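Down below is the structure, laid out as structure tokens.
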Number of protein chains: 2
Amino acid sequence: MLADLIVKNAAHVLTCRGPAPRAGAAQRDVSPIRDGTVASFEGSIVFVGDAREGDAAIQPAPNATIVDASDNTVLPGFVDPHTHVVFAGDRRDELRRRLAGATYREIAAEGGGILESVRETRAASEDELVSQTRVRLDEMLRCGTTTCEAKSGYGLTTESELKLLRAIRRLDREHPVDLVATFLGAHDVPVEFRDRRSAFVDLVVNEMIPSVAAEGLAEWCDVFCETGVFTPDEARRILQAGQQAGLKSRIHADELSLSGGAAVAVEVGARSADHLVFVDEDHAARMARAPVVATLLPAAAFFLKLGRFAPARMLIESNVPVALATDVNPGGGFSPSMPFVIALACFAMNLTLEEAIVATTLNAAFALDRHDRIGSLETGKKMDAVVLAGGPVDLLRVGASPIRMVIKNGKIVWSSSG
Amino acid sequence: MLADLIVKNAAHVLTCRGPAPRAGAAQRDVSPIRDGTVASFEGSIVFVGDAREGDAAIQPAPNATIVDASDNTVLPGFVDPHTHVVFAGDRRDELRRRLAGATYREIAAEGGGILESVRETRAASEDELVSQTRVRLDEMLRCGTTTCEAKSGYGLTTESELKLLRAIRRLDREHPVDLVATFLGAHDVPVEFRDRRSAFVDLVVNEMIPSVAAEGLAEWCDVFCETGVFTPDEARRILQAGQQAGLKSRIHADELSLSGGAAVAVEVGARSADHLVFVDEDHAARMARAPVVATLLPAAAFFLKLGRFAPARMLIESNVPVALATDVNPGGGFSPSMPFVIALACFAMNLTLEEAIVATTLNAAFALDRHDRIGSLETGKKMDAVVLAGGPVDLLRVGASPIRMVIKNGKIVWSSSG
């Protein structure tokens, strides 16, 4: 077959091909090939397999790009299924306060935290949001991310939430990283609704969701379900209103306490419940049956100094498919790096490297309902891939990125040699 | 005064100037300057201060290099006071085994761990060691390290230990990073001495130390004092023999249990006790009085999955000066990055950012007895500096290095723009 991009003779190809999601023992199935070749034509993968078979089967197109990947590892581009990457301003003062001992809840109670980003994001234009976010997407791309989820949620008025989602749509079109849009109007209760929270939930349900759906600006609806933020009843109402408008469900669940988010996820048929630092075995069993993906964000737990991580091994042993995400955001999401998330997953949550790789590729694609197009290297899927100098374990060398090349849609969009 | 390198108008200069070591409340004194300039001539700092005063006082030499550091942060080059950077081979299979659940002690008991690196290092030539290590020093330099300690200890015969130390001497001469040499013949008991450990200690004391001293190949003597490795009595004997030959003392102490290393450090007057994951308040009080620097290696605790970190806050509150190091090594020292170590110190050991910066600059220089020449930006010291794009907190963005420029001895030796 004809190919216009051929990545050949790779020491290791971690294809991650096969059924999604992967749960339990299958979570560690990366379907590896030794001495392999991956080739694509016009952005779609046409060959994945043994290098010698590839030499016989592949016909290079005129002007084909051929990458010698000897001593390299090729794996699917990372899919980052939980980010708040679109925002204005920063929260460095807050970080300094936290490093000196203040807690996330204390800062939030004083009107800092999410609400500080809300003030700055409301004041920013769509153009400013696009240009500030582009820099962060560039960083993510250099770390190997080829698709990310992006949430609204720093506007909290109908118009500013629409502005955030329009910025996401523009960035998806303009930037090599593909963005998947999530409406998170219920990220926090804004100051002006502090004494009438049910009126804010009404606004989300009756005005924001219909407006978002009418413009076709989001694929997903999300809620921050947590003690002091939105209750399970409010979360259920919002997610069901989203579903009626055509928005699929995902949820911030059980991050700071066992506050009911995982239960709501199972009840409404959410695709993913995220954070889950406090989830227990009973809820894990219910998630496994649904199934609801457990999207874990160890960098958030690390940067927020929660003192614990989600019980990842328990979730895997309960047959819940596990995905991993960065949680890029202005408060505690300082790292754009899926490799850093993989290192935290391996060394702080006891995943094997293979489990963590499936969690950042195929299972993450499933968490975004994109597993038919991305998340593994197999014929017919998009040619989104990362080439590492060295072996798979080099991903764990925090501070010395092994990423040699990032391929998006069959094009080399970043390489370490400039 | 005349200057051939002028880094001007920096938003933040973290000078770290003043007395060393910094302990207790002084550990967080980075002596910052807002809108500052640092200038040097022929590698020595000639001006540190207010940018406008600098404009008046500094006369640029012909062909002077002038760096506009607006919106940047300038701080001393990082000093990494504990590395095993010189070795041959790698231990990836061991890492995969550990990720699947094997412990460091199980692997060591089977002849893996340090002894695997010993086999490969003995087989390598000095040239091979130099060329393999140069790549790692390049990585460290890109992470902002301008001086590092480097230990022998993967030879464990007199000749192979001398080979390692000669490689360190060559690298110190040939590479921009300055290396400080430590003899660690007592890193482990080699296989051929397993049944006669006291004969190996005799060899270290009676043959290795005199040979190292005769060639002037090391400044420091170190011992891995730990249950199953060297006892406190053996450590004391080796360090005292080193002192008699002119080698100053440092020690691997209380990493895997409270096994007596900190006590030996105080007793023999060691400059630094390293690791200290299990040190208690009683030993901390004795270290504070000596003083013995506590050199902490949180990346080692992280990568070895020890499940805990050294009690850094207790040490600071006990007035022990704290330094931080990477522990670069083939087994669990996968990260060359002092910024990653700083992030672990802040988020996993509850240091403030300022405490962590002093721990990686001035206190680290004191831990190597180099505080008269490096570790802070002040007149007369070497111009070793790091320029960050952004503010000091950007150091914590793991996976998105803010390092714009690394300056060694008054020369720009690395910059992010190529």
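Any read-out appearing in this document is the output of simple, stated calculations on the displayed coordinates, not a laboratory observation. Please read all numbers here as calculations on a predicted model, not as lab measurements. Note: ideal-geometry Cβ built from the backbone for every residue, glycine included; neighbour counts use all protein chains shown.
Helix-only arithmetic for chain A: the sum of -39500 (n - 2.57) across DSSP H runs with n ≥ 4, divided by the residue total, places the mean residue ellipticity at 222 nm at -10000 deg cm²/dmol. Distances between placed amide hydrogens fall under 5 Å for A:CYS221 paired with A:PHE183, A:LYS248, A:SER249, A:ARG250, all partners being 5 or more residues away or on another chain.
Per the Kirkwood formula applied to alpha carbons, the protein assembly as shown shows a radius of gyration over Rh ratio, Rg over Rh, of 0.98. With R₀ set to 45 Å, the beta-carbon distance separating A:GLU42 from B:GLU159 gives a calculated FRET efficiency near 0.15. Rounded, prolate or oblate: which one fits region A:78-367, using the alpha carbon gyration tensor with axes a ≥ b ≥ c (rounded when a/c is under 1.5, else prolate when a/b beats b/c, else oblate)? The shape class here is rounded. Of all the options A:VAL268, A:VAL191, A:VAL320, the one that moves most in a Gaussian network model of chain A with Cα springs shorter than 10 angstrom is A:VAL191.
Between the helical axis of A:232-244 and the longest alpha-carbon principal axis of chain A there is an angle of about 60 degrees. Here the protein assembly as shown is assigned +1 on the Cβ of each Lys and Arg and -1 on the Cβ of each Asp and Glu. Its dipole about the Cα centre then comes out at about 160 debye.
Per-residue shielding of A:332-342, expressed as the average number of other chain Cβ atoms within 10 Å of the residue Cβ, stands at 3. Sorted from shortest to longest, the distances between the B:THR157 label points of this copy and the other copies are 7.8 nm, with each point 7 Å from Cα along the line through the beta carbon.
Among the lysines, which have Cα under 22 Å from the Cα of B:LYS381 when same-chain residues fewer than 8 positions away are ignored? Correct list for B:LYS381: B:LYS8, B:LYS408, B:LYS411. Annotation: peptides B:14-27, B:69-82, ranked by per-residue average of other Cβ atoms within 10 Å with the highest first, follow the order B:69-82, B:14-27. Each copy carries a label point for A:MET1 at 7 Å from Cα toward Cβ; from one copy, the others' points are 6.8 nm away, ordered from shortest. Comparing A:ILE45, A:ALA124, A:ALA88 along the charge dipole axis of chain A, the residue lying farthest to the positive side is A:ILE45, per the Cβ-charge model. Our note on the geometry: Cα centres of region B:226-246 and region B:351-365, 29 Å apart.
Dividing the C-alpha radius of gyration of region B:30-150 by 2.2 N^0.38 Å, with N its residue count, gives 1.63.
For region B:331-418, which trypsin sites (Lys or Arg not before Pro) pass both filters: DSSP loop (anything but H, G, I, E, B) and at most 16 other C-beta atoms within 10 Å? Don't skip to the answer; put the middle values down first.
Values: sites: B:ARG370, B:ARG373, B:LYS381, B:LYS382, B:ARG397, B:ARG404, B:LYS408, B:LYS411; in loops: B:ARG370, B:ARG373, B:LYS381, B:ARG397.
Filter output for region B:331-418: B:ARG373.
Counting, for every residue in B:349-357, the Cβ atoms of other protein chains within 10 Å of its Cβ and taking the mean gives 2.
With charges set only on the Cβ (+1 for Lys and Arg, -1 for Asp and Glu), what does the dipole of region B:78-367 come to about its Cα centre, in debye to the nearest 20?
Numbers: 30 positive and 41 negative charges, 41 e Å.
Taking the Cα centre of region B:78-367 as origin, the dipole is about 200 debye.
Here is the list for region A:147-243: trypsin sites (Lys or Arg not before Pro) lying in DSSP coil, each with at most 15 other C-beta atoms within 10 angstrom of its C-beta, are A:ARG194, A:ARG196.
Phi angles across region B:317-333 convert, under the Karplus curve 6.51 cos²θ - 1.76 cosθ + 1.60 with θ = phi - 60°, into 3J(HN,Hα) values of 5, 8, 6, 8, x, 10, 10, 10, 9, 7, 6, 3, 6, x, x, x, x Hz, Gly and Pro given as x.
The mean count of C-beta atoms from other chains within 10 Å of the C-beta of residues in B:99-107, rounded to a whole number, is 2.
Between B:ARG289 and A:GLU215, the distance separating the two model label sites (each 7 Å from Cα on the Cα→Cβ line) works out to 7.0 nm.
Compared with the dominant principal axis of the Cα atoms in chain B, helix B:338-348 is inclined by about 80°. Couplings for region A:143-148, taken from phi via the Karplus curve 6.51 cos²θ - 1.76 cosθ + 1.60 with θ = phi - 60°, read 8, x, 7, 10, 9, 9 Hz in order; Gly and Pro are left as x.
Kindly state, to the nearest 0.05, the FRET efficiency for A:ASP233 paired with A:ALA25, given R0 = 35 Å and r defined as their beta-carbon distance.
Rounded to the nearest 0.05, the efficiency is 0.40.
Which of the chymotrypsin sites (Phe, Trp or Tyr not before Pro) across region B:341-418 are loop residues per DSSP, with 11 or fewer other Cβ within 10 Å?
Working: sites: B:PHE347, B:PHE366, B:TRP414; in loops: none.
Filter output for region B:341-418: empty list.
If you stretched the chain out fully between A:ARG173 and A:GLU192, how much longer would it get, using 0.36 nm times the residue separation minus the C-alpha to C-alpha distance? Display every interim value, and only then the final one.
Values: separation 19, 0.36 × 19 = 6.84 nm, distance 3.41 nm.
Extra length available between A:ARG173 and A:GLU192 comes to 3.4 nm.
Around the amide H of B:ARG17, modelled in the peptide plane, lie the amide H atoms of B:LEU377, all under 5 Å away and 5 or more residues distant in sequence or on another chain.
The amide H of A:LEU2, built 1.01 Å from its N in the peptide plane, has A:GLN59 as neighbours under 5 Å, considering only residues 5 or more places off or on other chains. The string of couplings for region B:12-27 from the Karplus curve (6.51, -1.76, 1.60, θ = phi - 60°) is 9, 10, 9, 6, 6, 6, x, x, 10, x, 9, 10, x, 4, 5, 4 Hz, one whole number per residue in order, with x for Gly and Pro.
Sort B:114-123, A:328-337, B:244-253 by the packing proxy (mean of other Cβ within 10 Å over each peptide's residues), most packed first. All intermediate terms of the calculation are to be shown ahead of the outcome.
Working: B:114-123: 20.1, A:328-337: 26.0, B:244-253: 23.7.
Output ranking for B:114-123, A:328-337, B:244-253: A:328-337, B:244-253, B:114-123.
Can you give the FRET efficiency to the nearest 0.05 for B:SER257 and B:GLN59, using r as the Cβ-Cβ distance and R₀ = 60 Å? Plugging the Cβ-Cβ distance into 1/(1 + (r/R0)^6) gives 0.55.
Segment A:LYS411..A:ARG373, full-extension length gain: 12.1 nm, with 0.36 nm per residue of separation and the alpha-carbon distance subtracted.
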